[in-house]
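Student: Before I ask anything, here is the structure I am working with.
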Amino acid sequence: MSFVKALRCRECGQSYPVQALHVCEFCFGPLEVAYDYDAIKANISRESIAKGPATIWRYKDLLPAEGTDYVDLGAGFTPLVRADRLAAALGLGELYLKNDTVNPTGSFKDRVVSVALTKARELGFKVAACASTGNLANSVAAHAAWASMDSFVFVPANLEAAKVITTAVYGGTVIAIDGNYDDVNRLCAEITSEEPGWAFVNVNVRTYYSEGSKTLAFEVAEQLGWDTPDHVVVPVGSGSQLTKIHKGFNELYKVGLIDREPNVRVSGAQPLGCSPVASAFLSGSDYVLPVKPDTIAKSLAIGNPADGIYALDVVRKTNGAMAAVTDEEILEGIRLLARTEGIFAETAGGVTVATLKRLAEAGTVSRDERVVAYITGNGLKTVEAMAPTTHVTTTIKPSLDEFLRFIEQQRS
Ligand SMILES: *Cc1c(COP(=O)(O)O)cnc(C)c1O
Ligand SMILES: [Zn+2]
């Protein structure tokens, strides 16, 4: 049994029974899962959560699954690490990193996929599918393999080699599309009506998928001793993750798990080569105008973001900020994170660190704030971004003389 009351339209409030539906039939607004928070409040406690598994499913009462037969590779409950060295480098005070690079397939997408496929299976789907910028395909293929579901994942053809290999290895069908993510997404929306038996995790079951990102807020609050940060910095692709982190903090208060009403500033990070939401924020516009992506941060290369307008709204109403960082800054961000905290992030992580640096320099993130930056993907999947600038220090013969000559040079 779950505490889900209905699906509800974000725009007009129309309610629908729980099903594989993601847009409102009246106004085409996106649907959201609505819960009975009073019932959850009566059922949930910090202790009951502590007794749960060390995965996202410890927060099952705030997720949309009916049963406990989860599609679960162990996503979530990743480390929240205090980052004093990075904080010092950026002139910040109390800084933490939510290290989602250590999820089963190396990105936060394992959270949303575990929820989406659990629900898809409950709704009777046998086939898992997605439109992906890479990490989602990787995660869907892995979770589908575990759940003995067939999988069809669709990716742009120009994806990083490691993301293709780490996806194809699971044995599903990987279809590369000669186009960008927005082309892939449009095609998948069309395929959804041709193949009603396929659960496209981010199309027809997107309503459930996006709920998985709330666990990024739940865990941070629990790991801070059931308290909230003052400011979070979140990378933005479709904008779903950012909006759900905000929703997650508020839900904790609604169900009585945190004592004070959360007042978390939510800031968003985008690469300059694909920054429709940051551009709207920086220009003071209420419209997110689609762009054609051209960035090394391929996991964020969504030119027409489904939740862009909602992400913009969250950033504005929480007094957050946004930045659009260059490819150069992204690489520098990856390097800075690795060299200060020993965490190798993918390009999206570089975008987050570079944005944090910009906001720190501008004084938008301040020394006396408790800050959490979300590091959402593993650097091993985008090694080619670093390859041109990251080399062995030297190559020498197996000779002590050569070594001594080298070390002398080094020291002089
Ligand atoms: C997909 C992805 C994002 C963006 O998440 P959205 O919900 O699409 O905004 C950020 N980081 C990584 C590593 C991703 O794979
Ligand atoms: Zn509606």
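Student: In segment 55-127, what GluC sites (Glu not before Pro) fall in a loop by DSSP, with at most 13 other Cβ atoms inside 10 Å?
Tutor: Those satisfying the criteria are Glu66.
Student: Give me the compactness ratio for segment 316-395, meaning the Cα radius of gyration over 2.2 N^0.38 Å.
Tutor: Normalised by 2.2 N^0.38 Å, the Cα Rg of segment 316-395 equals 1.19.
Student: Under a plain spin-label model, where a point goes 7 Å from the Cα along Cα-to-Cβ, how far apart in nm are Tyr16 and His391?
Tutor: Calculated label separation equals 5.6 nm.
Student: List the trypsin sites (Lys or Arg not before Pro) within segment 271-375 that DSSP assigns to loop and that have no more than 16 neighbouring Cβ atoms inside 10 Å.
Tutor: Loop-located and lightly packed - Arg367.
Student: Still on this structure, please answer the following. Under a point-charge model restricted to the Cβ atoms of Lys and Arg (+1) and Asp and Glu (-1), what is the dipole moment magnitude of segment 253-380 relative to its Cα centre, in debye to the nearest 20?
Tutor: Dipole size: approximately 180 debye.
Student: Could you tell me the calculated FRET efficiency between Val383 and Phe26, based on Cβ-Cβ distance and R0 = 35 angstrom, to the nearest 0.05?
Tutor: Details: r = 47 Å, r/R0 = 1.35.
The formula returns an efficiency of 0.15 here.
Student: Let me ask another. Considering the dipole of the chain built from charges on the beta carbon (Lys and Arg +1, Asp and Glu -1) around the Cα centre, which of Ile245, Leu7, Ala131 is farthest to its positive end?
Tutor: The residue sitting most towards the positive pole is Ile245.
Student: Just the C-alpha atoms of segment 1-89: what Rg/Rh do they give, with Rh taken as the Kirkwood radius?
Tutor: A ratio of 1.11.
Student: Among Gly256, Ala338, Tyr70, pick out the residue whose Cα is farthest towards the positive end of the charge dipole of the chain, where Lys and Arg carry +1 and Asp and Glu carry -1 on C-beta, about the Cα centre.
Tutor: Gly256
Student: Give the Rg/Rh ratio for segment 60-130, taking Rg as the radius of gyration of the Cα atoms and Rh as the Kirkwood radius, to two decimals.
Tutor: That ratio is 1.16, to two decimals.
Student: With +1 on the Cβ of every Lys and Arg and -1 on the Cβ of every Asp and Glu, and nothing else charged, how large is the dipole of the chain about its Cα centre, in debye rounded to the nearest 20?
Tutor: Roughly 500 debye, rounded to the nearest 20.
Student: Hey, another quick one. If the cut-off is a Cα-Cα distance under 16 Å, which aspartates and glutamates reach Lys51, setting aside same-chain residues fewer than 8 apart in sequence?
Tutor: Within the straight-line cut-off, Lys51 pairs with Asp61, Glu219, Glu222.
Student: Show me, bin by bin at 10 Å from 0, the whole-percent P(r) of the chain based on Cα pairs.
Tutor: 5, 23, 33, 25, 9, 3, 1, 0
Student: Now for a separate question. Hey, can you list the DSSP H helices of the chain whose Cα span along the axis is 18 Å or longer and whose average Kyte-Doolittle score is at least -0.5?
Tutor: 109-122, 327-341, 347-361
Student: A follow-up question, please. When the expected Rg is taken as 2.2 N^0.38 Å, what fraction or multiple of it is the alpha-carbon Rg of segment 1-156?
Tutor: Cα-based Rg divided by the globular estimate yields 1.20.
Student: Inverting the mean 1/r over all pairs of different Cα atoms, compute the Kirkwood radius of segment 179-263 and quote it in Å.
Tutor: 14.7 Å
Student: Continuing with this model, one more query. So what's segment 271-412 giving for Cα Rg divided by 2.2 N^0.38 Å, two decimals?
Tutor: That ratio works out to 1.34.
Student: So what's the back-of-envelope 222 nm ellipticity for the chain, counting only DSSP H runs of four-plus at -39500 (n - 2.57) apiece and dividing by all residues, rounded to 500?
Tutor: That comes out to -11500 deg cm²/dmol.
Student: Per the Debye formula with a single identical scatterer at each Cα and no solvent contribution, what log10 I(q)/I(0) holds for segment 228-305 at q = 0.11, 0.16, 0.18, 0.19 Å⁻¹?
Tutor: -0.34, -0.64, -0.75, -0.80
Student: Rounded to the nearest whole Å³, what is the per residue volume of the convex hull around the Cα atoms of segment 188-337?
Tutor: 133 Å³
Student: So if I place +1 on the C-beta of Lys and Arg and -1 on the C-beta of Asp and Glu, and nothing else carries charge, what would the dipole magnitude of segment 99-189 be about its Cα centre? I want it in debye, nearest 20.
Tutor: 260 debye
Student: Quick check on my link table: of Lys126/Lys298; Lys109/Lys214; Lys60/Lys298; Lys109/Lys247; Lys109/Lys381, which ones sit more than 20 Å apart, alpha carbon to alpha carbon? Write out the running numbers ahead of the final one.
Tutor: Numbers: Lys126/Lys298 29 Å; Lys109/Lys214 12 Å; Lys60/Lys298 31 Å; Lys109/Lys247 18 Å; Lys109/Lys381 13 Å.
Listed pairs above 20 Å: Lys126/Lys298; Lys60/Lys298.
Student: Further question on the same structure: What whole number of Å gives the distance from the Cα centroid of segment 239-280 to the Cα centroid of segment 327-359?
Tutor: Each part's Cα centre sits 20 Å from the other's.
Student: Given all pairs of different Cα atoms, what value in angstroms does the Kirkwood hydrodynamic radius of segment 123-164 take?
Tutor: With all distinct Cα pairs of segment 123-164 included, I get 10.6 Å.
Student: Here's something else I'd like to know. May I ask you to work out the translational diffusion coefficient for segment 369-412 at 4 °C, viscosity 1.567 mPa s, via Stokes-Einstein with Rh from the Kirkwood sum over Cα pairs, reported in whole µm²/s?
Tutor: Working: Rh = 14.4 Å.
For these conditions, the coefficient is 90 µm²/s.
No lab work stands behind these numbers, since they all come straight from the coordinates. Computed from a predicted structure; not experimentally measured. So basically every Cβ, Gly included, is an ideal-geometry build from the backbone, and we count neighbours across all protein chains shown.
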